[in-house]
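Visitor: Have a look at this one before I ask anything.
The values are calculated or read from the model by the stated rules, or taken from the named source; none is laboratory data. Note that the coordinates shown come from a computational prediction; the quantities given were computed from them, not determined experimentally. Reconstructed Cβ throughout: ideal geometry from the backbone, glycine too, with neighbour counts over all protein chains shown. For the accessible areas, the whole protein counts, side chains as well, though only heavy atoms, and no ligand, DNA or RNA atoms are used. Shrake-Rupley method; radii C 1.70, N 1.55, O 1.52, S 1.80 Å.
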Amino acid sequence: IYAYIFENIRSIQLEALLLSLLSIVVLVLVKELNEKFQRNIKVVLPIDLVLIIATSVACYCADMEYVYGLEVVGHIPEGLPSPKPPPMNVLSEVVTEAFGVALVGYVASLALAKASAKKFKYT
């Protein structure tokens, strides 16, 4: 990881790095303050949501896509896409992973069922 970072250090966009570092500092500070003054404050500030909204508004107002050349997400479609079957040509590539996920899900639900049966004295 460090080798990759140092190989590509020249491609870092300074504006994006500074915005990211500022966001991390604000996030950590507010989280620490929330924990420290947990008993004194009635409502915990949802800093994650506030930070996302604030940085989004800042990027939009500063026109960072054109001024600084930072990539933005663009148009986000509304609603959920309509359901459609997956392409069958990828089935051979994902079948082993899908089997693993199904097995883990089965074992987790079985363990939960056994724990519930023991707790509530089911047969």
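Visitor: Only residues that are closer than 21 Å to LEU22 by Cα and either touching a His at 6+ places or on another chain (Cβ under 8 Å) or among the hydrophobic types (A, V, I, L, M, F, W, C) (or both): list them for region 32-43, please.
Guide: Selection gives LEU33 alone.
Visitor: Still on this model: Pairs, please: C-beta under 9 Å, at least 6 apart or cross-chain, first residue within 17 Å of VAL67 (Cα to Cα) and touching a residue at least 40 places away in the same chain (Cβ under 8 Å) and in region 1-14, second open to solvent by less than 80 Å² (accessible area, probe 1.4 Å) and of a type outside the set (Phe, Trp, Tyr)?
Guide: Final answer for the pair search is GLN13/GLY69; GLN13/LEU70.
Visitor: What's the number of the only condition in (1) on the phi > 0 side of the Ramachandran plot; (2) of a type in the set (Gly, Ala, Ser); (3) outside any loop (DSSP other than H, G, I, E, B) that GLY79 fails to meet?
Guide: (3)
Visitor: Pull out all pairs, ordered by first then second residue, where Cβ-Cβ is under 7 Å, the residues are six or more apart or on different chains, the first lies in region 32-58 and is in contact (Cβ under 8 Å) with a residue 24 or more places away in the chain and open to solvent by less than 80 Å² (accessible area, probe 1.4 Å), and the second is in a helix (DSSP H, G or I) and β-branched (Val, Ile, Thr).
Guide: LEU51/VAL26
Visitor: Looking at this structure, is LEU19 under 20 Å from the mean Cα position of the chain (by Cα), surrounded by 12 or more Cβ atoms within 10 Å (Cβ to Cβ) and assigned to a helix (DSSP H, G or I)?
Guide: Working: under 20 Å from the mean Cα position of the chain (by Cα): yes; surrounded by 12 or more Cβ atoms within 10 Å (Cβ to Cβ): yes; assigned to a helix (DSSP H, G or I): yes.
Considered against the rule, which asks whether it is under 20 Å from the mean Cα position of the chain (by Cα), surrounded by 12 or more Cβ atoms within 10 Å (Cβ to Cβ) and assigned to a helix (DSSP H, G or I), LEU19 comes out as yes.
Visitor: Within region 101-109, identify whether any single residue is at pLDDT 90 or above, open to solvent by less than 80 Å² (accessible area, probe 1.4 Å) and in contact with an Asp or Glu (Cβ under 9 Å, 6 or more places away or on another chain), and answer yes or no.
Guide: no
Visitor: Here are the criteria: (1) hydrophobic (A, V, I, L, M, F, W, C); (2) within 24 Å of SER11 (Cα to Cα); (3) open to solvent by 70 Å² or more (accessible area, probe 1.4 Å); (4) more than 24 Å from the chain's Cα centre (by Cα). Tell me which single one VAL72 does not satisfy.
Guide: Status for VAL72: all satisfied but (4).
Visitor: Quick one: what pairs do we get from region 98-123, first residue in a helix (DSSP H, G or I), second not hydrophobic (A, V, I, L, M, F, W, C), C-beta under 8 Å, 6+ apart or different chains?
Guide: These pairs meet every condition: SER116/TYR122; ALA117/THR123.
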